[in-house]
C-alpha cells in the first residue's frame, strides 16, 4: 500500500512515550528530519492519560490483544544482505489486570429519577453542553450516592494516568521545560501536601520552614532538631565531615545517631529523604538535598503535577518536534526493522519502506530479539476513583504519600482532585505505584486496606456526608485518628472506593537496553518506579548525545513573536494598550 | 544585576545613549514646564489633570505633581469616571514603584476626600491580594490598617489574616507589628491572647532562631508587663514631702494623703507638696472612682518595687518558656536572640539567683554580639542598679562601687540618700546629668570613673564632699562645680595638679584635698 509519506528520514521514532518524545523534539529542534509514529490513536503509550471510556477501550485491547494482521517476513522491500526483524505486540506487556466496581450499576429507588435523566442526556449528544451541566446538577443533588452509570456519564472529565509522576521543582524536567521554552505548552499545579503513614494514621509532614513553624505534630525541640538536620543536608558538601563514618551505613543508622525522636525519624526517612530502612546514608542525603532544593520555588512542597494528567507531557515535546518540522502519524505501526550488518537501515510500515539514519524505539515497540532478557515484571499499579480525599482538609489538596512498608519499597501514592482536571467534581483520584513482588492486588493491599473503605457501597445508605466531616476532622487533616476512640469514626471517614483498577507492567530502567540492538537503534525504557521524571530525561539526553554528540540538547525555542514570518504583517491591529507613558 | 559581563560600549554607542538621554531630558523639561505653567495659570480642568499623568507614570515620586492633582480634583467636582481613572493611575504608579510613599498616600487621599462612595471593602480585598504577592511591603500593610478601620473590619478577621501571612512566612515584621496594633486596640483581657501569642513566637524561635522578627514581637509581649506598684517611697526633706514613683502616673490617677491633695510634679516620677501641720503617716494613689491603687506609709521603702504584675497562669507559661529556651540554648549556644530573650525572661520573672545568671549571660552576649556591646553594658548597669535597690533598705548610703556601670538608671530613687559611692565604674560626662536627683547627697564618690570632664554635672544643693580621684578630668570643665552651693571639699590625687590649680582659681571657698 502506497501513501504519500516521504520515505527518507534522519531519525525515525516509534512510540510516543516520554523518552521517545523528548528525543524526537531534540532531534527536530536541531533541524533533523524526524518521523514519529505511534500504533495507537492516542499519544503517550504507557505514559498516556485516558478518559474513562478510553481507559475501558485500552483495557479491552490489553485483554484481547490487538489483531496484528500484517506479518510479511519476506517483503520485496527488503534488499539483499538485509534482514527484516519483526516487531512484537506491546499489549502483552500489561498483565494481571483486575478491575472492580464497588457501586451498583444504577441507583435504586431515588436513583430512578436520576438515571432517567442520565439516559436522556446520553440519548441526546447534541445537547452535550446542557447535558453536562445537567449531569453536574444531578451530581450536586445527590453527590453522596454514586453508581456506575453516573461515573460513565462523567467519563470525559477523567484523565486517568497510566504512569502518574511528579516533577521536582528544580528537577531536570522542569529545567528542561524552561530552558527549551516547552513549558508554555503545559500547565501545572503545586503538590500542596506531603502525607505520611505513621502509627496507623495519616499525618502531614512538615517539610518547609513555614510548615515546621505551623505544624502541631512536632514539639519545639523537634522543630529545632528537624530544621538543624535539614539545614545540615542542604549545606552538605562532599568535603565536609558531617557524614564521616556513615559512608557504608544506612540513612536510618545516621538518623539514629542524631538522637532524633521516632516521629522525626519517620518524617525524615520515609517522607523527606523518600527512603526506607535500607537506603544507604549518602543516597538518602542526596535525596534529601534534592527534595529540599526544590522547596519554595513554586510552592511549599517540592513537587509539581501536570494539569489534565501526566499524559500531557510527552505531547508537549511532540508538539515542539512538529513545530520544527517533525512528521507525525498516529495509528500507524511499524511492522519490522530492516537491519544490515550491525546497522538499522529502515523500517517497514504499512507496506512502505522508510529509511533512517537512527531509529528510536520504545520498549513496547521493540522486536523481542532486541530486548533480549529484559525482565517482564516491574511495576504494580493501582488506580482508584474515590468519593473523597484520604485526608480531608479545608481546601482541595494535591497529595503525595510514600506509604512505608517494612522491609520493602514504599508504595508511592498520589492523590489528585477535580481542580487539576483529572476527575469530575465530588471525586478524587488515587494512584498507587510500587515495585512488583507478587501482583498489583497483593502488592498494594497494605495501603488499600489502611486508607480506603473497601466494602461494597449499595448506593442506598449514605455515609457521613463530606461537608460535616471537614468540620469534624482537624485542620490540615493532620491526625484524623489521633484519639483511640475515634477509630470507628475513622473507618467511616475513609474514602469509599467506587472503582478500582490494578495492573502490572514492566519496569526496565535498571536494564542495559543497548546490549542486543544495532548501533544506530536506541531503545527507550517505559515508566520507571521513581516518582519523578529524572530517569526519562537522563535517558533521552544520553540517546541524543549518542546520535548527535556535538549538538546542543533542546536549546531554547523562540517565542512566536520572536519569529519574523514572511507574510503580510498587517493581518490585524497591534495588540497593545493605547495609553503608554507620554515620554516613550 | 549580579554577575553580568560588562561590555565596553563604543564611542558611537556612548554618543547615541547620550543623545537618547538628552532627548528624554528635553521631553521631561517640556512636560514638567507645561504642568507648572498650567498651575501658575490656575488651570483646574481635565486637561491639566492629564498633563501630569505621563510624568507620574514614569516617576511616581514627584510629590508636587500629586499635590497639583489634589488641587485640581478639589476644584473639579469630578465624575465617578475621573475618580476611577485617578485610582487607576495610582495602581499603575504602584506597579512602577510599589514603595512609592506619594502614590500610596494619594490613593488614600482620593478615597478619603474625593470619592463620596468609596468602596473600602474592595480596597481591603485589594490589599489582601497585593500582600499575597508582596508579603512584606510595609506600605501596603500601613495602608491596610487605614482601610480596615475605614470599613470597620472586625479585629478577629484582621488577626486571622495576619496569622495566615505569618504561617506562610513568619519572617514578616509588618504582620507581627499589625498583630501588636490589633491587640492594643482591642484592649480586651490580654491574658489568654498573650499566652497563645507567646507559644506562636516560641514555635518561630525553634524553627529559625536567627530570624529576628518573632523575637522582637516577643520582646513587645514581655515588655508590656507592668510593675505592680507605683510608689517607692515617701519622705520629708526640709519643709517638703517628696513622693518617689517607679512609673509615671496616668492622667486619671491622683495622689491623696497627708491632708493635702495639692501635689506638684518635679519630674514624672517625683512629686512633692509642702508640709502641713497635720499628722502625716501615709500616701495613697487613687483612680477616678476613688479606688485605691497603691499606698505606702511615710518613710517606708517598698523593696519589691520592680516586681512585675504577672498572673499565676502567665507565670507558669513564662517559666515553661525559660525551660524551653534553656533547651534551645543547649542546642544552639551561640544564638544571640535566644540568649537575650533568656536573660530578659529571667529578669522579668526574678527567679532564684537570677542576677548571677543574667550577668553571666550578658557577658556571653558581649562576646558573641560585639557590635552591640555597649547596649549590653547599659542593660547590665540597669540590672545591677535595680538589684541593689531591691535588696537594700539602707536609707543613708548607696553602694554601687565597682559594678562596671556605664549608665545610670532609677537615680531618682536615691533622692533621700546622704552618702553615694559610685566609684570604680565606666562612666562618661553624659551620664552626669542623671545625678540631679541626688537632692540629699552630702558625700559623692566618682573616684576612678573614667571621667574626662565634668560637663553636665548638676547643681546638687546638699553636696559637701566630692571625690574625683583617678579620673582624667581636663582643666576647662569644672565651672559646673561652683553651682553646688554647699560644696566644701573636693578630693583629688597627685596626678591632677593642673586641675587642682584650675579649681583654686575658680573657687576660693572650696577646700581641695590631695590624697
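Only the coordinates and a few stated rules stand behind these numbers; no lab work does. Fair warning: this is a prediction, and the values are worked out from it, not measured in the lab. Neighbour counts are summed over all protein chains in view; Cβ atoms, including those assigned to glycine, are modelled from backbone coordinates with ideal geometry.
Among B:331, A:274, the ranking by other beta carbons within 10 Å of each residue's beta carbon, starting with the fewest, stands as B:331, A:274. Per-residue extension of 0.36 nm, minus the Cα-Cα distance of residue A:445 and residue A:100, leaves a gain of 122.8 nm for this segment. Each 5 Å bin from zero holds the following percent of Cα-Cα pairs in the range A:205-300: 2, 14, 26, 27, 19, 9, 3, 0.
Computed from the Cα positions only, the extents of chain B along the three principal axes stand at 82, 59, 56 Å, in decreasing order. Take every Cα-Cα pair in the range B:231-297 and report what % of them are more than 19 Å apart. Tail fraction, whole percent: 22.
Which percentage, to the nearest 5, of the DSSP beta bridges contained in the protein assembly as shown is antiparallel? Write out the running numbers ahead of the final one.
Numbers: 83 of 120 bridges.
Around 70 percent antiparallel, to the nearest 5.
Which length gain, in nm to one decimal place, applies between residue B:62 and residue B:322 when the Cα-Cα distance is subtracted from 0.36 nm times their residue separation? All intermediate terms of the calculation are to be shown ahead of the outcome.
Values: separation 260, 0.36 × 260 = 93.60 nm, distance 5.13 nm.
Gain in length upon complete extension: 88.5 nm.
The angle between the Cα long axis of helix B:312-331 and the longest principal axis of the Cα atoms of chain B comes to about 80 degrees, rounded to the nearest 10. Panel order for A:522, B:412, by other beta carbons found within 10 Å of each beta carbon, from fewest to most: B:412, A:522.
For the peptide B:204-211, the mean number of other protein chain Cβ atoms found within 10 angstrom of a residue's Cβ is 6.
With both labels modelled 7 Å from their Cα along Cα-to-Cβ, the residue B:77 to residue B:303 distance reads 7.7 nm. Consider a paramagnetic label point 7 Å from the Cα of residue A:259 along Cα→Cβ; state which residues of the range A:190-220 have an amide N under 18 Å from it. Within reach of a label on residue A:259, which here means backbone N under 18 Å from a point 7 Å along Cα→Cβ, the range A:190-220 contributes A:219-220. Once you reduce the range A:311-359 and the range B:47-65 to the center of their Cα atoms, the two points are 62 Å from each other. Between 0 and 90 degrees, rounded to the nearest ten: what's the tilt of helix B:155-168 against the longest Cα principal axis of chain B? With rounding to tens, the tilt is 80 degrees.
Sorting B:230, B:143 by the number of Cβ atoms found within 10 Å of their own Cβ, with the fewest placed first, yields B:143, B:230. With respect to chain B, whose longest principal axis is taken over its alpha-carbon atoms, helix B:138-150 is tilted by about 90°. Whole-percent P(r), the range B:30-187, all Cα pairs, 5 Å bins from 0: 2, 8, 18, 19, 17, 13, 9, 7, 4, 2, 0.
How high is the relative contact order of the range B:393-514, in percent, with contacts defined as C-alpha pairs under 8 Å that are six or more residues apart? Can you show the working numbers first?
Numbers: 285 pairs, mean separation 22.5, N = 122.
The value is 18 percent.
Computing FRET efficiency as 1/(1 + (r/R0)^6) for residue A:538 and residue A:181, where r is the C-beta to C-beta distance and R0 is 25 Å, gives about 0.75.
When a/c is below 1.5 the answer is rounded, else prolate if a/b is larger than b/c, else oblate, so apply that to the range B:367-510 with a ≥ b ≥ c taken from the square roots of the Cα gyration tensor eigenvalues. Oblate.
Hey, could you get me the Stokes-Einstein D for the protein assembly as shown, Kirkwood radius over alpha-carbon pairs, 20 °C and 1.002 mPa s, rounded to whole µm² s⁻¹?
Working: Rh = 37.1 Å.
So the translational diffusion coefficient is about 58 µm²/s.
Contact order, relative form, for chain B: 6 percent (alpha carbon pairs under 8 Å, 6 or more residues apart, mean separation divided by residue count).
Compared with the alpha-carbon gap, the fully stretched path from residue A:377 to residue A:8 is longer by 129.2 nm at 0.36 nm per residue.
Using every Cα-Cα pair within the range B:349-416, state what percent have a distance larger than 13 Å.
Values: 1517 of 2278 pairs.
Summing the P(r) tail past 13 Å for the range B:349-416 gives 67 percent.
With each label modelled as a point 7 angstrom along the Cα→C-beta vector, the residue B:180-residue B:129 pair spans 3.2 nm.
Computed from label points 7 Å out along Cα-Cβ, the spacing between residue B:91 and residue B:514 is 8.5 nm. Between residue A:61 and residue B:150, the FRET efficiency estimated from the beta carbon spacing at R0 = 51 angstrom works out to 0.20.
What FRET efficiency comes out for the pair residue B:45/residue A:156, r = Cβ-Cβ distance, R0 = 56 Å, nearest 0.05?
Working: r = 59 Å, r/R0 = 1.05.
Efficiency for this residue pair is about 0.40.
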